[in-house]
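Undergrad: Here you go, one structure.
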Amino acid sequence: MTVAANLCSKCRKEIPPFPPGLLTDRIITGGLCQECFQHVAESGMPLADFLDALEAPVLLVDSDVVVKAANQVVRTMLGKDISQVQGYRGGDVFVCAYARLPEGCGRTVHCSGCAIRLSVMETFTTGKSLLNVPAHLHQQVDNRFQPMDLRISTEKFWSMVLLRIDYIGPSGEVH
């Protein structure tokens, strides 16, 4: 896993390291420094508008990978509206076959090795962003199973984690 460099995308000032456990290595929000990030937070911009301003497909999730918000890019990519995403765990949103087991997303034996879940939990706990992490998903659509490869990045965002989908496609394709 790679940790990203730190330059503010708005003012281009170097972003100093934060104390452990705080927002660090901001990569998904465009790498905003603390001052620029605070300005956005205080501007009164609705969260949905802020997320929609991000060009990449992004989900805002809690420590249990429950989706709290999702930008238009990721909703279009998934072919879902906000009511089919918000309030659901990641495995339900991405149609993971294991999420359909009686235990549900995050609670099966398979979930203990889920790179998406582990990345979100690591970023939530440590505050460190992760970049381009390989992940694998067994999708189940209409009783058909399709293995998918993903690349994801994570960033701590207040008391949540931004989960960016860098790549998603059938397993074995070049990416």
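The values are calculated or read from the model by the stated rules, or taken from the named source; none is laboratory data. Given the structure is predicted, the values throughout are model-derived calculations rather than measurements. Positions of Cβ are generated from backbone atoms using ideal geometry, with glycine treated the same way; all protein chains shown enter the neighbour counts.
Undergrad: Could you tell me whether region 76-89 includes any residue that is within 14 Å of Leu150 (Cα to Cα) and in contact (Cβ under 8 Å) with a residue 60 or more places away in the chain?
TA: Yes: one or more hits.
Undergrad: Report the residue count in region 56-73 for those that are under 23 Å from Gln146 (Cβ atoms) and out of contact with any strand residue (DSSP E or B) (no Cβ under 6 Å at 6 or more places or on another chain).
TA: 1
Undergrad: Starting from residues that are assigned to a helix (DSSP H, G or I), aliphatic (A, V, I, L, M) and in contact (Cβ under 8 Å) with a residue 12 or more places away in the chain, keep the ones in region 115-138 and report whichever is farthest from Val65 (Cα to Cα).
TA: Among those residues, the one meeting the criterion is Ala115.
Undergrad: Also, I was wondering about something else. Does any residue in region 139-156 that is touching a residue at least 40 places away in the same chain (Cβ under 8 Å) and in a strand (DSSP E or B) come within less than 7 Å, Cβ to Cβ, of a residue that is among the basic types (Lys, Arg) and surrounded by 19 or more Cβ atoms within 10 Å (Cβ to Cβ) six or more places away or on a different chain, and which pairs are these?
TA: Ser153/Arg164; Glu155/Arg26
Undergrad: Starting from residues that are without any contact (Cβ under 8 Å) to a residue 40 or more places away in the chain and under 20 Å from Ala135 (Cβ atoms), keep the ones in region 66-75 and report whichever is surrounded by the most Cβ atoms within 10 Å (Cβ to Cβ).
TA: Ala70
Undergrad: Tell me the residue from Ser63, Ser83, Ser112 that is assigned to a loop (DSSP other than H, G, I, E, B) and either acidic (Asp, Glu) or surrounded by fewer than 19 Cβ atoms within 10 Å (Cβ to Cβ) (or both), please.
TA: Going through Ser63, Ser83, Ser112 in turn, the sole match is Ser63.
Undergrad: With surrounded by fewer than 17 Cβ atoms within 10 Å (Cβ to Cβ), under 15 Å from Ser171 (Cα atoms) and more than 16 Å from the chain's Cα centre (by Cα) as the only criterion, which of Pro147, Pro134, Pro102 stands out?
TA: Pro147
Undergrad: Sticking with this one: Quick one: which residue in Leu54, Leu32 is in contact with a Ser or Thr (Cβ under 8 Å, 6 or more places away or on another chain), within 30 Å of Val93 (Cβ to Cβ) and at pLDDT 75 or above?
TA: Of the residues listed, the single one that is in contact with a Ser or Thr (Cβ under 8 Å, 6 or more places away or on another chain), within 30 Å of Val93 (Cβ to Cβ) and at pLDDT 75 or above is Leu54.
Undergrad: When residues of region 150-166 are filtered for being surrounded by fewer than 19 Cβ atoms within 10 Å (Cβ to Cβ) and either among the polar types (S, T, N, Q) or over 25 Å from Thr125 (Cβ atoms) (or both), how many remain?
TA: 1
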